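One structure below.
Each value in this text was obtained by applying a stated rule to the coordinates, not by laboratory testing. Since the structure is predicted, the reported quantities are computational estimates derived from the model, not experimental observations. Counting neighbours? That spans all protein chains shown, and the Cβs are built from the backbone with ideal geometry, glycine included.
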Amino acid sequence: MSERGSHGSNVFLTRPARHLLGVQGMHPARITPFLDLAEHYALLNRSRKTPRDLLRGRTLINLFFEDSTRTRTSFELAGKRLGADVVNMTVASSSVNKGETLLDTAATLNAMHTDLLVVRHSQSGAPALLAQKVQASVVNAGDGTHEHPTQALLDALTIRRHFGVFEGLTIAICGDVSHSRVARSNIHLLTAMGCQVRVVGPPTLVPGAIGALGVSIHHTMEDGLRGVDVVMMLRVQRERMKGTQVPSAREYFRFYGLDNKRLALAKPHALVMHPGPMNRGVEIDSRVADSDQSVIREQVEMGVAVRMAVLDILSRGGDGA
Amino acid sequence: MKPVLFENVRLIDPAGSLDRPGRLLVRDGVIAGTDLPQAEGAPEGAEIVDGGGQLVLCPGLVDMRVTIGEPGYEYRETVLSAAKAAVAGGITTIAVLPNTSPTIDNPALARLLRARGEETGMIDILPYGALTRECAGTEMAEIGLLAEAGAIAFTDGPHAIADSRTMRQMLTYARGFDALIVQHPEDPSLARGGCATDGELATRLGLPGIPAAAEAILIARDLRLARMTGGRLHFGHVSTAEGLDLIRAAKADGVRVSCDTAPPYFDLNETVIGDFRTYAKLSPPLRAEADRRAVCAALADGTIDAIASDHMPCDADDKRQPFAVAAAGGTGLCTLLAVTLAQVHAGNIGMMDALGLLTNRPASVLRSAAGTLGAGKPADLCLFNPDTGWIVRAGELPGKAQNTPFDGRALEGRVLGTWKNGRRVFGAAAA
């Protein structure tokens, strides 16, 4: 890959990482190769000429302790397009939520000689715990409210394809930041790449300490969206729409929903992003979601490319590299 | 509308630190000015109200804690009967608690209450929005939408938010709208089943008690939560020395907190329930004398931001019950000014401070423009004689509800006229 040559002298690339557990602490020199390679795979995906022999003979297990269709399918496609043997294991999180059982699972996977293990879990830190015990390379596909690194990479790739650079961009991440692993991974990645990041949401859904991650906090959309280059909406779980976090979906949409009027406060051609699945009429108006400024479908496309790049790079750094 | 010229009155406007003999002209329902030169005659066709040099003219009073029966308990009080009682007490703006039936947890109901106030032509109603749905203390009400519909602040009325986590969330969420949360300062589990303040009297009467500390315990928790969240917090009808000490200290520390008290808590003590007088059964219950004196001291030193009537209409049948099961609460609209003036006559606070506690200070807690004599403001006015004596008689009070805890109390200070938007709504020449 010629794109990676420019970083050839960088110490970070001398020893590829074995796992991808999170973005926190990742240096731009570690991030950029993922984006560069994913860009390449995005082209190959469009021409349907992916290297089907790259991961031939390797076993990829999608171990999902939490329901997911989109992310699991994206990883499954990524693995298959590179020729890996892909197995999906979906485990009801209710029956496996004790550390001991998780480690038993790890022992089982070792016995199966798994090469790549993609893990989603409702508990923050669960993939890291597995990574200590399995021989496979672990990819965190979302753990609790901690991180979702491949989502951040695909978001970053989408942004880079539109703006070319990260420096100087202002990005608003809006909604339920408290419960969002997508928000955390994006904050880490985008601040590392030199973006100004704002988080916007009701105070009950924005942790007070999030400012320590290098972002500014805004409690009104009017304040948070002014002049931004990218508006990244977060999914708000329906179950938060009553109780003590948000009183109702209609109040949420009235004050924190993205509609054309609010989008007009951003820069003229600002991108609208959403990790999906969307709650139309709750956090985002359909007219915005389906507008020319929306890159939501492109995000999904980049998702497969980014996951191919991740599997490719990790498979080189695996066992004993 | 005819212009009205008040002459020979003692003008008191605490918002502008004004207290001097003077004249005030009302034109087209608004205050045209207070600095009309003495030499200038009355405008053509003006109605002249002569204060004889003795009457006080001040802004119409702003009462920040009122329960009315409407909607749902019209047999106790309606908007109209409450308005009549209010203007008889010189009150032109009332903030109304949301624990009605249905609860004011819906923007349409907040708008309705405002409109019902306007219909009377006598008072402005500032509706409180419910803090939680049905004031049940669990699910947050639509604070943002209610605020847009004109809800002035958020409270569950006579119910404290028991759950600390819920209170934290409410203060946090409300901060997004810079909305004020008003808390009934009483730990609900300590208060459960009680009807009088714990102590010798409750013990002698055999009444289940509520420790006075139930107030301080909740205030301490909520002050800490306000500090943690940065939320804006107000305590209604504070009545104990310990509670007031906590608030005083928190204010000095910069916590965003304010409080009010109600006339019974600085004018009466627990002994008035001595013969099981249910008209003196209030919530929070009347306190020991030392607490009453502490409330007086907190009025004088500024810890208390407002005096509210805490008007709570009850039907006679609600009160004709054994003490422990009788309804709690007393009327207070007609007596608000005179009982407050008792503090002035007793030398505890000055006239200007007393009226400040009834006008601009509650207005400023609620961020209402009411409660001043500024030029261009709506002519909401109260004219009273500070020295006229009268005796409170349950059964003879204006309005519907008669359950006053001050029955038989001799007071000095009587409202002679009340004007709303320049129109006389109480007093001899009321149209």
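Laid out as a table, the results:
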item: Gyration tensor over alpha-carbon atoms, chain B, equivalent ellipsoid semi-axes in Å; result: 34, 24, 21
item: Radius, Kirkwood style, for the protein assembly as shown when every pair of distinct Cα atoms is counted (Å); result: 29.6 Å
item: Charge tally in the Cβ shell below 13 Å around A:V228, where Lys, Arg are +1 and Asp, Glu are -1, A:V228 excluded; result: +1
item: Chain A, dipole about Cα centre (Lys/Arg Cβ +1, Asp/Glu Cβ -1), debye to the nearest 20; result: 320 debye
item: Value of [θ]222 nm, deg cm²/dmol, for the protein assembly as shown, DSSP H segments ≥ 4, -39500 (n - 2.57) each, nearest 500; result: -10000 deg cm²/dmol
item: Convex hull volume per residue in cubic angstrom - Cα atoms of the stretch B:1-137; result: 129 Å³
item: Gaussian network model of chain A, Cα within-10 Å springs - most flexible of A:P203, A:P247, A:P28; result: A:P247
item: Bridge type composition, the protein assembly as shown - antiparallel percent by DSSP, nearest 5; result: 30 percent
item: Relative contact order computed over chain B (Cα-Cα under 8 Å; 6+ residues apart), in percent; result: 20 percent
item: Residues A:E251, B:E139, sorted so that the one with the fewest Cβ neighbours within 10 Å comes first; result: B:E139, A:E251
item: Most positive-pole-ward Cα, B:A328, B:H311, B:A141, against dipole of the stretch B:59-372 from beta carbon charges; result: B:A141
item: Contour minus Cα-Cα distance for B:A162 and B:V30 (0.36 nm per residue); result: 43.1 nm
item: Loop trypsin sites (Lys or Arg not before Pro), the stretch B:168-201, which have at most 15 other Cβ atoms in a 10 Å radius of their Cβ (DSSP); result: B:R192
item: Calculated FRET efficiency for the pair B:R320/B:D50, C-beta based, R₀ 56 Å, to 0.05; result: 0.80
item: Degrees, to the nearest 10: B:213-229 long Cα axis against longest axis of chain B; result: 80 degrees
item: Mean separation of Cα contacts under 8 Å, 6 or more apart, over the residue count of chain A: relative contact order %; result: 21 percent
item: Sparse-neighbour loop sites [GluC sites (Glu not before Pro); the stretch A:265-321; at most 15 other C-beta within 10 Å; DSSP]; result: none
item: Over 26 Å (Cα to Cα) - which of B:K84/B:K319; B:K319/B:K400; B:K251/B:K420 fall in this group; result: B:K251/B:K420
item: Residues of type lysines that A:K133 reaches as a straight line, Cα spacing below 28 Å, ignoring anything fewer than 8 places off in the same chain; result: A:K80, A:K98
item: Dipole axis of the stretch B:4-84 (+1 Lys, Arg; -1 Asp, Glu on Cβ), positive-most option in B:L24, B:A82, B:M64; result: B:M64
item: Extension gain (nm, one decimal) between B:A115 and B:A252, 0.36 nm per residue minus Cα-Cα; result: 45.4 nm
item: Rotationally averaged projected area of the stretch B:130-223 (alpha carbon convex hull; nm²); result: 6.3 nm²
item: Gain in span if fully extended, B:A42 to B:K2, counting 0.36 nm per residue against the direct Cα distance; result: 13.2 nm
item: Within the stretch B:59-372, percent of DSSP bridges classed antiparallel, to nearest 5; result: 5 percent
item: Centre separation in Å (Cα based) which lies between the stretch B:1-38 and the stretch A:15-84; result: 79 Å
item: Debye, to nearest 20: dipole size of the protein assembly as shown, +1 on Lys, Arg Cβ, -1 on Asp, Glu Cβ; result: 2600 debye
item: Per-selection Rg to Rh, chain A - Cα, Kirkwood hydrodynamic radius; result: 0.96
item: Restricting the stretch B:243-286 to trypsin sites (Lys or Arg not before Pro) in coil, as DSSP defines it, with at most 11 other Cβ within 10 Å; result: none
item: Volume per residue of the C-alpha convex hull in the stretch A:147-296, rounded to whole Å³; result: 93 Å³
item: Dipole magnitude of the stretch B:59-372 about its Cα centre (Cβ charges: Lys, Arg +1; Asp, Glu -1), debye to nearest 20; result: 400 debye
item: Long-range Cα-Cα pairs in the stretch B:61-100 (distance over 16 Å), rounded percent; result: 28 percent
